[in-house]
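The values are calculated or read from the model by the stated rules, or taken from the named source; none is laboratory data. None of these values were measured; they are calculated from a predicted model. In this analysis, Cβ positions are derived from the backbone assuming ideal geometry, glycine residues included, and neighbour counts consider all displayed protein chains. The protein model used for the area step is the full one, side chains on, heavy atoms only, and it has no ligands, DNA or RNA in it. Shrake-Rupley method; radii C 1.70, N 1.55, O 1.52, S 1.80 Å.
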Amino acid sequence: MRRNLKVENKNYPKRIPNIVPSGNLVRPPSAPELINPSSFEDDQHIVVRRPEESKARSESTQDIEISLKSALDHIKLNPEESREVPNYLEIESIEQSNDGGERPGIDLVAVIDNSGSMRTDKIELVKATLEFMVTQLGDSDRLCLVEFNNQALRLCPLTVMNETGKTEVNRIIRNVQAGGGTNIQDGLEIGMRVLADRRIENNITSLLLMSDGQDNECSTILQRSHGVLENYCPKIRSGFTIHTFGYGAGHDAQLLDKIAEMGNGGFYYVENNESIGFAFANCLGELMSVVADEINVILNLQPCGHPVQFSKIYSDNGDCSFKVQALVSGAKKQSVFVLKYSASQVTEDQRVEPVKATVTYKLASTGEVKTKECQLSVVLSSSDQPEVINQDVMVHFYRAKTADVLKQASELADQNQFQEAKSSVLACSEEIKHSLVSENEVVKALLEDLAEGARGLESRSSWESGGKACVKSAHRGHMNQRSAKKSVYQNVLQKKANASYEVFMSKR
């Protein structure tokens, strides 16, 4: 979903036709615009560092490290049966605080559902959260606000978050009111068009889509949203993410999960008022601490004198070529795969390198695109010495397996096969409970989400009243190592953002 395409001429319509009838449009009395302009090429000017502008800085900037690790360094083989062994590719950055330092600028488009169902305290919480977001942004960042009910309206252009810009955006936020229906497609489309029409692109770009309800035409919204993304992604020249936030049990979890997947971002289930701050702080902290993005991985089997094949690759597409979420400061991303070693007789220890990984990525600080490679090295053993298990590999194997089981359970539940879905979740939970890593902090979080998922899979009623959002959000969170509820995936800046949100809200 992350693109880096050169688009010299944007010969596409500037006006967006409304597929859903508009109905009565509700607008705040002091909205800055009555209609969307024909072009969004009015983003405020900002200076963006490019790789060719500072070669010395590029050479000294924080980089990443990659490595391949196996659950077993010494693997015993026998002629009677094959063996399957978990492995992972680890991509790592060093912790940075960014205190007093310079971080990459962010272009942020917040697409807000202000339909009638948000009339409760939800709209006030969203407004408070947006005001908090403004406090966290700086002179190198820009923010655009889009609201949608029956139609979508851009409330301001991409505005530089200096004191003048913050004052104006806060004024706009305070005037947002709720009313009308829910046209998610129009909101998504206007937000994407803002990104496509930019004259200048910051190094980090993200769209945040927030909704608490179902689209006016819910039977076709998934297809129409897919069409919006397919249309606009090639027109956005920089890499970007889409993060989605579903409020309460009534939102369209399947839609928001799919949009997040296509946007290479997170789907955050905001179950109650208390969880909104954690979700937004987690997302904002991630965007403010990105070290590398547009990460693409290729895993290749190498000739090693022994028959080996991929048994399972835990990626969004299940293929050996896949994308990895943005890497934040101080974080590690582990992409898990299982190798199947064919049955054979090993007469003496042999060190082999069965897999090569190639990782291409963009440094967020400069925009420089780089490539690194590494090899998996293991010993095929002929001795009877005990096998030593790499517990960290096993932790992430169970993390990836949990995400995969939750995804399959979700698909079964969508087909009303609740008993089968619940059984698969419980079976996975039992396997993990009896593993040697059951006391690990991440594994405990997996068990909590599996238990909550099983409760949500009891019946159609439990599935529709929060189970669906819980399972889909947990699947995406554990797959991509980000979560709306679990602190196990947070880095220092995300924890600081969460603490700052609590202080901000306590003073309101």
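Look through S423, S410 and report the one residue that is over 30 Å from N78 (Cα atoms), in a helix (DSSP H, G or I), open to solvent by 30 Å² or more (accessible area, probe 1.4 Å) and small (G, A, S).
Of the residues listed, the single one that is over 30 Å from N78 (Cα atoms), in a helix (DSSP H, G or I), open to solvent by 30 Å² or more (accessible area, probe 1.4 Å) and small (G, A, S) is S423.
Can you confirm whether H434 is under 30 Å from Q214 (Cα atoms) and not aliphatic (A, V, I, L, M)?
Taking the combined requirement at face value, the residue does not satisfy it.
Give me a count of the residues in region 71-95 that are in contact with a strand residue (DSSP E or B) (Cβ under 9 Å, 6 or more places away or on another chain) and over 19 Å from V324 (Cβ atoms).
Selection size over region 71-95: 11.
Take region 456-480 and flag every residue that is part of a loop (DSSP other than H, G, I, E, B) and crowded, with 23+ Cβ neighbours inside 10 Å.
L457
Where residues in region 354-397 are among the acidic types (D, E) and either in contact with a helix residue (DSSP H, G or I) (Cβ under 8 Å, 6 or more places away or on another chain) or at pLDDT 95 or above (or both), which of them is farthest from S335 (Cα to Cα)?
E368
Suppose we keep only residues that are within 29 Å of A497 (Cα to Cα) and of a type in the set (G, A, S) within region 322-359. Which one would you say is surrounded by the fewest Cβ atoms within 10 Å (Cβ to Cβ)?
Filtering region 322-359 for residues that are within 29 Å of A497 (Cα to Cα) and of a type in the set (G, A, S), the one surrounded by the fewest Cβ atoms within 10 Å (Cβ to Cβ) comes out as G330.
Would you confirm whether any residue within region 79-87 is at pLDDT 90 or above, touching a Ser or Thr at 6+ places or on another chain (Cβ under 8 Å) and of a type in the set (A, V, I, L, M, F, W, C)?
The answer is yes; a qualifying residue exists.
For region 360-373, which residues satisfy the criterion of being open to solvent by 30 Å² or more (accessible area, probe 1.4 Å) and assigned to a strand (DSSP E or B)?
Step one: of region 360-373, the residues open to solvent by 30 Å² or more (accessible area, probe 1.4 Å) are 360, 368-373.
Scanning region 360-373 gives T360, V369, K370, T371, K372, E373.
Run G453 past the list (1) buried (at least 17 other Cβ atoms within 10 Å of the Cβ); (2) outside any helix (DSSP H, G or I); (3) modelled with pLDDT of 95 or more; (4) not aromatic (F, W, Y) and report the number of the one that doesn't hold.
(2)
Looking at (1) in contact (Cβ under 8 Å) with a residue 40 or more places away in the chain; (2) more than 21 Å from D107 (Cβ to Cβ), which one does G227 not meet, given that it meets all the others?
(1)
Can you name every residue in region 384-397 that is open to solvent by less than 60 Å² (accessible area, probe 1.4 Å), part of a helix (DSSP H, G or I) and more than 16 Å from D316 (Cα to Cα)?
V393, M394, V395
Could you count how many residues in region 307-321 are under 21 Å from R482 (Cα atoms) and either open to solvent by less than 10 Å² (accessible area, probe 1.4 Å) or among the charged types (D, E, K, R) (or both)?
The total comes to 1.
In region 189-207, is there at least one residue being under 20 Å from D113 (Cα atoms) and in contact with a His (Cβ under 8 Å, 6 or more places away or on another chain)?
Looking through region 189-207, at least one residue is under 20 Å from D113 (Cα atoms) and in contact with a His (Cβ under 8 Å, 6 or more places away or on another chain).
Inspect region 128-142 for any residue being at negative phi, open to solvent by 10 Å² or more (accessible area, probe 1.4 Å) and at pLDDT below 90 and give the result as yes or no.
No: zero hits.
Can you tell which of G187, G239, G180 is open to solvent by less than 10 Å² (accessible area, probe 1.4 Å), small (G, A, S), in contact (Cβ under 8 Å) with a residue 24 or more places away in the chain and within 22 Å of V270 (Cβ to Cβ)? Explain how you work it out, then say what you get.
Values: G239 fails: within 22 Å of V270 (Cβ to Cβ); G180 fails: open to solvent by less than 10 Å² (accessible area, probe 1.4 Å).
Checking each option against the conditions leaves just G187.
Right, G248: in contact with an Asp or Glu (Cβ under 8 Å, 6 or more places away or on another chain) and on the phi > 0 side of the Ramachandran plot or not? Spell out the reasoning first.
On the way: in contact with an Asp or Glu (Cβ under 8 Å, 6 or more places away or on another chain): yes; on the phi > 0 side of the Ramachandran plot: yes.
Yes.
Go through (1) open to solvent by 10 Å² or more (accessible area, probe 1.4 Å); (2) within 21 Å of L287 (Cα to Cα) and name the single condition R119 misses.
Result: R119 passes all but (2).
If I go through region 121-151 residue by residue, how many of them are over 16 Å from T205 (Cα atoms) and not in a helix (DSSP H, G or I)?
5
So, in region 281-308, of the ones that are in contact (Cβ under 8 Å) with a residue 60 or more places away in the chain and over 23 Å from S93 (Cβ atoms), which residue ends up farthest from the chain's Cα centre (by Cα)?
Going through region 281-308, the residues in contact (Cβ under 8 Å) with a residue 60 or more places away in the chain turn out to be 281-299, 302, 306.
Those left that are additionally over 23 Å from S93 (Cβ atoms): 302, 306.
Working: Q302: 31, H306: 37 Å.
Among them, the one singled out is H306.
For K356, state whether it is farther than 21 Å from A253 by Cα and of a type in the set (D, E, K, R). Steps first, please.
Working: farther than 21 Å from A253 by Cα: yes; of a type in the set (D, E, K, R): yes.
Yes.
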